[in-house]
Every structure is written in C-alpha cells, then in structure tokens.
Amino acid sequence: MATTSRRHRKRKLKADIIQALGDGQNTIEAGAGRNAIALGSGNVAVESSGDDTVSVGGGQATIDASGASSSLVFGGSGDLLFVGGSNGATIYGGSGSTTYYGGMSATPTQTSEPEAQALTVKYGDDDDDDRGRGGHDDKGGHGRDHDKGHGPGKDHGHDKGHDHDKDPWHGKGGHDDDDHGGTGGGSSGPKQIVHGGTGGDNYLFAGDGAATLFGGGDGDQLFTYGGYSQTLIGSAGSSTLSGAFGWGNNTFVSGKGDDSIVGGTGKDLFVGGRGNDTVFATDGSRDTFEFIRGQAGGTELVQNIFDASDVKIKLTNYAANEEQKALASQTTDGSSVTIALSDGTQVTFENITQLSSKNFV
C-alpha cells in the first residue's frame, strides 16, 4: 500500500520595523509579529496586534493594544493614550501625560478573598517576559536590562522624572507583608507595569490582573480594579490613589506630594509618604498603616475608622523604642488622636481618642 506523507511548514511571523518620524497624521496597523515602531512629531494612531515595542516621539500617540500579545511602550514629549488588551503591558511615560486603560478579561473578575490571597506573590519575583528589552525588574529596579536589575544610584530608565535614585520602592528587594500578600499583584492574569509621564495629569486605570501603577507628575489619578492584589504609587506631585473599583488586597504608597487616597474592600496596606495625605479607609478594620523611616516624614489624616481596636500601625526601620515614643507623644482634641514619630511624621486618626500598644503590629 502506498503511503502519502505531508510536510507541515510552521509559519514564521514577520518582524517589522516601522518608522513614522514626520509631523503628519498617520495610522499604523502593525502585523502579528514582533514589531518595532518609532514615532515622530506627528499625531499617530497605532493598532497593535503582535509583540510590539513602541517609542513615542513629540506628537500625540494613541495605541490600541486590545488585540496585542505583548506591549512595551516608551513615552516621548507628546501625550500618550494606551488601551490595553488581555495580555497586560509595560509602559514608561515620557515628559507628556499618559492615559492608560488596562484590559479586561472576557468574564469580569469575581475573585473571592481566599482566591485573591492564593493569587498573590511577593513584590520581588523576577519576570523575564521583557527578554531584556527594558520594562520592569520585579526586584524593584527598572531600566533596559531586565535580568540584572538596577538599584539606587543607577538610573537607567527612560523617564528622568521618576527620581529612581532616591525612591525606596525602586532597586530594592521590595516590600513583603504576608497579611497583604506582598505588593506585586496576582501571579495569574496579565501583568501591568505602568509609569505616568512627568507632565502630570496622568490617568491610569488598571485592568484585570497584577498591576503596579506609578504616578509621574502633579494631578495624577490612579485606580485599582478587580480582585487581584495591585499597587498604586504616588509621585512627587499631588495624586489621587483610589481602590474604589478593587476588592483585592491592595497597596497604596504615598509620594512626596499631597495625596488623597481611598481604600478598597480588601486587606489594604497604606504606606505613608512625605506630603500631607488624607486616607479614607473604606474597610478600616482590615487595613494596616505602615510608616518607613526614610520614606515617611509628612502628615497623614486617616478617616472612616470608628473603633480604636481596628487601628493597625506598622513601623519599619525605626528604633526599637519608637512605639513607646509614639504613644507618649499622642494628643487628643476629644474627637481625634495624633501621634508623632521621630522623623517628623504625624498621624491623625479621626473619631479615635486614644491608642495603645495593641494598635502596633
């Protein structure tokens, strides 16, 4: 009996280099391969459907990555609008403003709290998805070589405005709090690492999956979404950090500016900064308020906690007797209580009149 053999040839996706460096208006439909796209001073719309790296120039850029398999974007001096898909993204805003909408899964996340905890990983696990092209090193640093990581003093990122050299959330091993599952986000789902532009007025809305969103300038608005653990980090300017659309165990890190922070319904962690911050604890009995010596130093007003037993304060890198000094410093006006830390930090809890050693974890 004669036999017939068939040779199946695997199709190799084409890798394209696309340059739109002029000042005109362009629309680019990139193919499904691994594409490098360079934009100039014109206003450009990019439809990404592959594994794409986009470098934005001086014009306004709109990137639709709803059908992309991977996205790495370096912002320029123009404004950037990015609409994500189900595969996450790594974005470094430039000197303009960044608007980011993360992708949503086909079925909206309905993760219960135990499931959300099982999904969480520590902010420090290494993710080599960027293949050394750039992006974010989950050890806390970021720059062009993903595998090596960059600590303080080595600012290799594309955006000079992020103050990588002094920010304790970059280049270090990360923050691990077992009660909150760390601060890196879920181990499943798309990963979103997004830096707003230094021009400020950034609007960053996380999609489903692990997300770390960094503010970039003044007037930023950052939002969590869904049941994964996500992290919002303020900038040197005034920011709004909101967990109103998230029910995972999220982390909110105040920056140097005056921040307004709204927690979600999960076990949230609020890390104090150097500005004058206001925190609205949506479910205060489950939240922890952390102050890190060298990163704190401002004032923090905590609202919406009515029972002193619900207050949980964590002091990191302070002297062993810092708790006793804080308790000795407390003052009350009959409707709120304020404590002072040795680095100048002042924390006020509305509706609480007295704290004790039981409030420190």
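The values are calculated or read from the model by the stated rules, or taken from the named source; none is laboratory data. What you are looking at is a predicted structure, and each value in this text was computed from that prediction instead of being measured. Note that each Cβ is placed from the backbone with ideal geometry, even for glycine, and that neighbours are counted across all protein chains shown. We work out accessible area using only protein heavy atoms, side chains counted, and drop any ligands, DNA or RNA first. Shrake-Rupley method; radii C 1.70, N 1.55, O 1.52, S 1.80 Å.
Points worth noting:
- The set of residues in the range 36-69 being more than 15 Å from residue 21 (Cβ to Cβ), surrounded by fewer than 19 Cβ atoms within 10 Å (Cβ to Cβ) and of a type outside the set (S, T, N, Q) consists of 45, 47, 64, 67.
- Taking the conditions (1) of a type outside the set (D, E, K, R); (2) surrounded by fewer than 24 Cβ atoms within 10 Å (Cβ to Cβ); (3) part of a strand (DSSP E or B) in turn, residue 222 satisfies each one other than (2).
- Hey, residue 232 within 16 Å of the chain's Cα centre (by Cα), more than 27 Å from residue 335 (Cα to Cα), open to solvent by less than 10 Å² (accessible area, probe 1.4 Å) and of a type in the set (A, V, I, L, M) or not: yes
- Filter result (in contact with a strand residue (DSSP E or B) (Cβ under 6 Å, 6 or more places away or on another chain), closer than 19 Å to residue 330 by Cα and either open to solvent by 10 Å² or more (accessible area, probe 1.4 Å) or among the polar types (S, T, N, Q) (or both)) within the range 301-314: 301, 303, 312, 314
- Residue match in the range 285-292 (condition: of a type in the set (Gly, Ala, Ser), out of contact with any Cys (no Cβ under 9 Å at 6 or more places or on another chain) and closer than 30 Å to residue 226 by Cβ): yes
- Residues (open to solvent by 10 Å² or more (accessible area, probe 1.4 Å), closer than 17 Å to residue 295 by Cα and of a type in the set (S, T, N, Q)) located in the range 240-282: 276, 278
- Figure legend. Inter-residue proximity from the range 228-245: first residues at pLDDT below 95, second residues of a type in the set (A, V, I, L, M) and buried (at least 24 other Cβ atoms within 10 Å of the Cβ), beta-carbon distance below 7 Å, spacing 6+ or different chains. Indicated pairs: 228/210.
- Pair list, Cβ < 7 Å and 6+ apart or interchain, from the range 253-267 residues that are of a type in the set (Ser, Thr, Tyr) to residues that are assigned to a strand (DSSP E or B) and open to solvent by 10 Å² or more (accessible area, probe 1.4 Å): 260/240; 260/278
- Count of residues meeting criterion [over 20 Å from residue 275 (Cβ atoms) and either in a loop (DSSP other than H, G, I, E, B) or among the hydrophobic types (A, V, I, L, M, F, W, C) (or both)] in the range 327-347: 7
- In the range 283-298, the residues that are crowded, with 20+ Cβ neighbours inside 10 Å and over 20 Å from residue 319 (Cα atoms): 284, 287
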